[in-house]
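I have placed the structure first, in the form of structure tokens, so that the comments after it can refer back to it.
The values are calculated or read from the model by the stated rules, or taken from the named source; none is laboratory data. Remember, predicted model here, so these are calculated numbers, not experimental data. Note that we place each Cβ from the backbone using ideal geometry, even for glycine, and neighbour counts take in every protein chain shown.
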Amino acid sequence: MTDIQHVVILGGGFGGLATANEIRNSLSSSQVKITIIDKKDWFMVGFAKLWIINGTRTFENSIGNLNQLEKKEINFIQDEILSIDLQNKNVKTKQESIHYDFLVISLGAVLAPQKIPGLLENGFNLYDHNQLSEIHNKLQNIDSGKIAISIMGMPYKCPPAPFEASLLIDSMLRKRGVRDSVQIDFYSPAPITLPAAGPEVSKEILELVNSEKITFHNSSKIKLVESNKLIFENGEAEFDLLLAIPPHIAPKVIYDSGLAKESGFIPIDRDCKTPFENVFAIGDVTSMIVTENMAVPKAGVFAEGEGITVAKNIISKLQSKDASELFDGKGGCYIESGRETASVIEVDMFSQPKPSTSISAQTSENLSSKREFEKERLSKWL
Ligand SMILES: Cc1cc2nc3c(=O)[nH]c(=O)nc-3n(C[C@H](O)[C@H](O)[C@H](O)COP(=O)(O)OP(=O)(O)OC[C@H]3O[C@@H](n4cnc5c(N)ncnc54)[C@H](O)[C@@H]3O)c2cc1C
């Protein structure tokens, strides 16, 4: 009898959970051993962070517990991954050393506010789960002044999310009756709102934020932050409350293992393979080039799609079949309006001759399907 093969998945986020479940749904624990390693024991759908900020959710009500994976005979190890030995097929955590036959790297992107001088001292990190309640409290207490939302590096997770945040904040202030005395400014280093979605969708997003009197300042590349002041390469702006989307980088263990160059992400093609046999990389930790100046955006739907692609290829390999599945590049992201509606931005990154994108109308049905999207992920994965 041959030994049972071991699939080790680094990261229990969107990509890792999609991969593990897809494999386990096809193969039993007597056919393949699956282990997920993550330093935290919970999973949250990214957009729930904005619901914690607007006060319609708590952190505790928004997470799934990764220990539930054991019920599906998926091993879960809560530990920090310190190194990946690609030659000897070994992953080292703080507590143990784990051998793999197949490795799926889905470690996500790390937020790096320290890269912008003065940001840690003078602003909040809109994407950091530890700061959400404090941001909520600040927004509940601001009665006048200027709120700045600033994208401080590209690429960043879920390109529409900061725009959605500005609309939800607008809604909070309207409900409190203070919106007319609070200015909301949105700063981005990009020339248009959503470069990855193209000029037409970008124009619609611009119209949407402008309709709520949110001012979009394009081509605003941040240099540093001072107390109550943003210093850009081409000017300055004052703020009373700064909500930043800091630059994103890969986790240190990725650079240490040589899988990505400094400040970059793991380069992959549509098969999600790395140069190492049976080692795959998916999701936010990767960069999948679409055209010369465009990569697949960092979003949960893409991490999930890539995870399913890799899972299918691993299943085929384990069954000694042809493993030639490619990621299709299709996905959709919701953008909530703050008026009990949402629209969906659909993209097809590999459509020919160029990526195609579209945005739907704002409807309450879309908002319901956004809520359903979260419920479905939590219930089918955990
Ligand atoms: C506000 C907001 C709104 C969003 N809205 C959407 C949306 O509407 N639609 C959408 O598709 N996406 C959305 N996203 C993006 C989405 O959350 C990410 O793109 C997605 O989580 C990426 O999945 P991943 O598996 O690549 O990484 P992650 O989900 O980030 O998972 C990586 C995991 O690796 C673990 N890890 C990292 N380093 C180590 C280490 N050294 N040791 C152990 N564990 C480690 C982390 O703890 C983490 O759990 C949103 C994100 C935010 C912040």
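Identify all residues within the range 257-284 that are among the aromatic types (Phe, Trp, Tyr) and surrounded by fewer than 17 Cβ atoms within 10 Å (Cβ to Cβ); write none if there are none. Spell out how you get there, then give the answer.
First, the residues of the range 257-284 that are among the aromatic types (Phe, Trp, Tyr): 265, 276, 280.
Of everything in the range 257-284, just one residue is among the aromatic types (Phe, Trp, Tyr) and surrounded by fewer than 17 Cβ atoms within 10 Å (Cβ to Cβ), namely Phe276.
Checking the conditions here, which among Asn122, Asn130, Asn88 is more than 12 Å from the ligand (Cβ to nearest atom), free of Cβ contacts under 8 Å to residues at least 12 places away in the same chain and farther than 21 Å from Lys33 by Cα?
Sole residue among the options that is more than 12 Å from the ligand (Cβ to nearest atom), free of Cβ contacts under 8 Å to residues at least 12 places away in the same chain and farther than 21 Å from Lys33 by Cα: Asn130.
On the basis of being at positive phi and within 16 Å of the ligand (Cβ to nearest atom), does Gly11 make the cut? Steps first, answer last, please.
Working: at positive phi: yes; within 16 Å of the ligand (Cβ to nearest atom): yes.
Against the criterion (at positive phi and within 16 Å of the ligand (Cβ to nearest atom)), Gly11 qualifies.
Take the residues of the range 133-179 that are among the hydroxyl-bearing types (Ser, Thr, Tyr) and more than 23 Å from Ile359 (Cα to Cα): which is farthest from the ligand (Cβ to nearest atom)? Don't jump to the end; show me each part of the working.
Residues of the range 133-179 that are among the hydroxyl-bearing types (Ser, Thr, Tyr), as a first pass: 133, 144, 150, 156, 166, 171.
Restricting the remaining residues to those that are more than 23 Å from Ile359 (Cα to Cα) gives 133, 144, 150.
On the way: Ser133: 15, Ser144: 26, Ser150: 15 Å.
So the residue we want is Ser144.
In the range 75-90, which residues are over 23 Å from the mean Cα position of the chain (by Cα) and outside any strand (DSSP E or B)?
Within the range 75-90, Leu86, Gln87, Asn88, Lys89 qualify.
Select from the range 91-119 the residues that are under 29 Å from Lys312 (Cβ atoms) and among the aliphatic types (A, V, I, L, M) and write down the one among them that is nearest to the ligand (Cβ to nearest atom).
Across the range 91-119, the extreme among qualifying residues is Leu107.
Could you pull out the residue among Ser316, Ser287 that is touching a Pro at 6+ places or on another chain (Cβ under 6 Å), surrounded by fewer than 20 Cβ atoms within 10 Å (Cβ to Cβ) and at pLDDT 95 or above? Talk me through it step by step, then tell me what you get.
Working: Ser316 fails: touching a Pro at 6+ places or on another chain (Cβ under 6 Å).
Just a single option satisfies the conditions, and that option is Ser287.
List the residue pairs whose Cβ atoms are under 7 Å apart, where the first residue sits in the range 66-79 and is within 12 Å of Gly16 (Cα to Cα) and assigned by TED's automatic domain parsing to the domain that holds Glu22, the second is more than 14 Å from the ligand (Cβ to nearest atom) and among the hydrophobic types (A, V, I, L, M, F, W, C), and the two are 6 or more positions apart or on different chains.
Going by the 7 Å Cβ cut-off, the qualifying pairs are Ile74/Ile34.
Conditions tested, residue by residue: (1) more than 11 Å from the ligand (Cβ to nearest atom); (2) more than 24 Å from Ala109 (Cα to Cα); (3) surrounded by fewer than 16 Cβ atoms within 10 Å (Cβ to Cβ).
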position	(1), (2), (3)
Ala303	no, no, no
Ser324	yes, yes, yes
Gly338	yes, yes, no
Ser369	yes, yes, yes
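Select from the range 218-244 the residues that are in a loop (DSSP other than H, G, I, E, B), under 21 Å from Thr193 (Cβ atoms) and not small (Gly, Ala, Ser) and list them in ascending order. Lay out the reasoning, then the answer.
Here is the first cut: in the range 218-244, the residues in a loop (DSSP other than H, G, I, E, B) are 218-221, 227-228, 233-234, 239-240.
Within this subset, residues satisfying the condition of being under 21 Å from Thr193 (Cβ atoms) are 218-221, 233-234, 239.
Those that are in a loop (DSSP other than H, G, I, E, B), under 21 Å from Thr193 (Cβ atoms) and not small (Gly, Ala, Ser): Asn218, Lys221, Glu233, Asn234, Phe239.
Check off (1) outside any helix (DSSP H, G or I); (2) within 14 Å of the ligand (Cβ to nearest atom) for Val290 and give me the number that stays unchecked.
All conditions are met except number (2).
Among what's in the range 22-46 and is of a type outside the set (A, V, I, L, M) and buried (at least 22 other Cβ atoms within 10 Å of the Cβ), pick the residue that is nearest to Ser106 (Cα to Cα).
Taking the range 22-46 first, the residues of a type outside the set (A, V, I, L, M) are 22, 24-26, 28-31, 33, 35, 38-43, 46.
In the following step, the residues that additionally are buried (at least 22 other Cβ atoms within 10 Å of the Cβ) were identified as 38, 43.
Numbers: Asp38: 10, Phe43: 13 Å.
Out of the qualifying residues, it is Asp38.
Quickly run through the range 91-119 and pick out the residues that are among the polar types (S, T, N, Q), part of a strand (DSSP E or B) and touching a residue at least 40 places away in the same chain (Cβ under 8 Å). Steps first, please.
Kept after step one, since they are among the polar types (S, T, N, Q), are these residues of the range 91-119: 93, 95, 97, 106, 114.
Next cut, part of a strand (DSSP E or B) only: 93, 97.
Thr93, the sole residue that qualifies.
Out of everything in the range 347-367 that is touching a residue at least 24 places away in the same chain (Cβ under 8 Å) and within 19 Å of Ala303 (Cα to Cα), what residue ends up being surrounded by the most Cβ atoms within 10 Å (Cβ to Cβ)? So that I can check it myself, show each step before the final result.
Let us first name the residues in the range 347-367 that are touching a residue at least 24 places away in the same chain (Cβ under 8 Å), namely 347, 349-350, 354-355, 357-359, 362, 364, 366-367.
Next cut, within 19 Å of Ala303 (Cα to Cα) only: 347, 349-350, 355, 357.
Numbers: Val347: 27, Met349: 23, Phe350: 17, Pro355: 18, Thr357: 20.
Within the range 347-367, the match that is surrounded by the most Cβ atoms within 10 Å (Cβ to Cβ) is Val347.
Looking at this structure, is Val344 under 24 Å from Met154 (Cα atoms), within 13 Å of the ligand (Cβ to nearest atom) and surrounded by fewer than 22 Cβ atoms within 10 Å (Cβ to Cβ)? Give the steps one after another, and end with the answer.
Values: under 24 Å from Met154 (Cα atoms): yes; within 13 Å of the ligand (Cβ to nearest atom): yes; surrounded by fewer than 22 Cβ atoms within 10 Å (Cβ to Cβ): yes.
For Val344, the condition - under 24 Å from Met154 (Cα atoms), within 13 Å of the ligand (Cβ to nearest atom) and surrounded by fewer than 22 Cβ atoms within 10 Å (Cβ to Cβ) - is met.
Could you please give the count of residues in the range 27-41 that are within 8 Å of the ligand (Cβ to nearest atom) and part of a strand (DSSP E or B)? Talk me through it step by step, then tell me what you get.
Of all residues in the range 27-41, those within 8 Å of the ligand (Cβ to nearest atom) come to 37-40.
Going one step further and asking which of them are part of a strand (DSSP E or B), we end up with 37-38.
Matching residues across the range 27-41 total 2.
Name the residue that is farthest from the ligand (Cβ to nearest atom), counting only residues in the range 245-287 that are hydrophobic (A, V, I, L, M, F, W, C) and part of a strand (DSSP E or B).
Taking the range 245-287 as the starting set, the residues that turn out to be hydrophobic (A, V, I, L, M, F, W, C) are 245, 249-250, 253-254, 259-260, 265-266, 268, 272, 276, 279-282, 285.
Okay, now just the ones that are also part of a strand (DSSP E or B), so 245, 249, 266, 268, 279-281.
Values: Ile245: 8, Ile249: 11, Ile266: 11, Ile268: 12, Val279: 16, Phe280: 12, Ala281: 9 Å.
Ranking the candidates gives Val279 first.
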